[in-house]
Amino acid sequence: AWYVPCLASLETLQELCRKENLRCKSIGITNRNLKSYEVEYLCDYKVEEGTEYYLVKWKGWPESSNTWEPQKNLKCPLLLQNFLSDKNEYLSRVREGKALKVRNHVKALKPAVADYIVKKAKQRIALRRWKEELNRKKNHKAMILVENTVDLEGPPLDFYYINEYKPAPGINVINGITTGCECADCPAEKCCPKEAGFILAYNKRKKLKIQPGLPIYECNSFCRCGPDCPNRIVQKGTPYSLCIFRTNNGRGWGVKTLQKIKTNSFVMEYVGEVITSEEAERRGQLYDNQGNTYLFDLDYDSDEFTVDAARYGNVSHFVNHSCDPNLQVFNVFIDNLDLRLPRIALFSTRTIKAGEELTFDYQMKGSIDLTSDSADGLSPSRKRIRTVCKCGAVCCRGYLN
């Protein structure tokens, strides 16, 4: 037998069951709660004969079941607060240079106001579900939050969260390494970095101590050392709670940290589909027409492969460019020592305050000068159409490419 995953949400399935008067224990619709009512969000408002009424969308019920309820019957203070906040936000918008006056005493809302409130409520639910999905799929302990106080944009429709590279057919991102260091207390004389001809990348405080352009060799799954080894940093995932948020200057989504990040700390990996450079060239032409790209060349040693984070990626998919970034890219080797396929890690270049947006330079120039030959291979794939930069940095170059 084979199965097709259901793309409908749990709430949609519950609505269908209640509409058809069906019971389904697997999705939580039983005889006991088939006729239960819980406020999902508030749609509209009116005053009749001195009594305030709200139009209620009931959770797990179709919109055709919406009912007007007096405020005294509603036990949902947060939803009432969201409703009033959304109403005032809409009414206070600036039109033709003048702010609309908010009237606190109205008999009924205009259709445009009610429509906005419903769209905002649906967006809030969609973003909450997306946040829950991201946190289910992530493989690290830190939380991922989602926030949009700017517009009505919801979750991206064609983006799938992954924690590690997704190789295209024929590409092996694990080269079958079968040996590791024998250190009882890393680093020792023959620890992984030294075996590769490089120094340990981290100091005793587990902060980066090497210069941009130099590779990082971490201990792998065959090493004798345990999980507390000071040479296991990137492989543990991001240690910071991050927030995907909607920017207010036309840059789409961005990422900000919810915790203070010290200088030279690992923040996140850049992951996506690993494809050939030929396929990247084909996709790049399509992305140019859309005005964006998530192609990142893996040319530390050669130019055979590229990471494409357009459809598959992690939080790094949403990190914006800046000509004065606070993140820097490093090539990392752990369970794959193939120089053509490094993992891409983003480290802080300075102390980053809680609430500050995270950025890196898509061309890997700006605040840090990469001078080594290998560092030339740290830049994302070239773009053929010049894209205007909106980073706002004092040293902004004007274009992303």
Contacts under 8 angstrom Cβ, first residue in the stretch 54-72 being under 19 Å from Ala108 (Cβ atoms) and of a type in the set (Phe, Trp, Tyr), partner open to solvent by 50 Å² or more (accessible area, probe 1.4 Å) and in a helix (DSSP H, G or I), 6 or more apart: Tyr54/Gln71
Arg251 vs. criteria among the basic types (Lys, Arg), under 26 Å from Pro156 (Cα atoms), open to solvent by 50 Å² or more (accessible area, probe 1.4 Å) and touching a residue at least 24 places away in the same chain (Cβ under 8 Å): yes
Residue in the stretch 268-275 that is part of a loop (DSSP other than H, G, I, E, B) and at pLDDT below 95 present: no
Hits in the stretch 264-293 (condition: more than 21 Å from Thr349 (Cβ to Cβ), open to solvent by less than 60 Å² (accessible area, probe 1.4 Å) and within 20 Å of the chain's Cα centre (by Cα)): Gly272, Glu273, Val274, Tyr287, Gly291, Thr293
Residue satisfying all of: in the stretch 34-90; among the β-branched types (Val, Ile, Thr) and more than 37 Å from the chain's Cα centre (by Cα); least open to solvent (accessible area, probe 1.4 Å) among these: Val47
Options Cys243, Cys323; residue that is farther than 23 Å from Asn163 by Cβ and either in contact with a strand residue (DSSP E or B) (Cβ under 8 Å, 6 or more places away or on another chain) or in contact (Cβ under 8 Å) with a residue 12 or more places away in the chain (or both): Cys323
Positions within the stretch 216-234 being within 21 Å of Asp301 (Cβ to Cβ) and surrounded by fewer than 18 Cβ atoms within 10 Å (Cβ to Cβ), in sequence order: none
Output for the stretch 160-177, where each listed residue is surrounded by fewer than 16 Cβ atoms within 10 Å (Cβ to Cβ), in contact (Cβ under 8 Å) with a residue 60 or more places away in the chain and farther than 22 Å from Ile216 by Cβ: Tyr160, Ala168
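Quick one: which of Asp301, Asp324, Asp297 is farther than 22 Å from Gly170 by Cβ and either open to solvent by 50 Å² or more (accessible area, probe 1.4 Å) or in a strand (DSSP E or B) (or both)? Outline the logic, then answer.
Values: Asp301 fails: farther than 22 Å from Gly170 by Cβ; Asp297 fails: farther than 22 Å from Gly170 by Cβ.
The match here is Asp324.
Quick check on Ala142: is it open to solvent by 30 Å² or more (accessible area, probe 1.4 Å), within 16 Å of the chain's Cα centre (by Cα) and small (Gly, Ala, Ser)? If you could, list the steps in order and put the result at the bottom.
On the way: open to solvent by 30 Å² or more (accessible area, probe 1.4 Å): no; within 16 Å of the chain's Cα centre (by Cα): yes; small (Gly, Ala, Ser): yes.
No, not satisfied.
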The listed residue being surrounded by fewer than 13 Cβ atoms within 10 Å (Cβ to Cβ), within 17 Å of Phe333 (Cβ to Cβ) and more than 19 Å from the chain's Cα centre (by Cα), out of Gly180, Gly213, Gly197: Gly197
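The values are calculated or read from the model by the stated rules, or taken from the named source; none is laboratory data. Predicted, not measured: the structure shown is a model, and the values here were computed from it. Don't worry about glycine lacking a Cβ; one is built from the backbone with ideal geometry, like all the others, and counts go over all protein chains shown. The accessibility values were calculated without ligands, DNA or RNA, using every heavy atom of the protein model including side chains. Shrake-Rupley method; radii C 1.70, N 1.55, O 1.52, S 1.80 Å.
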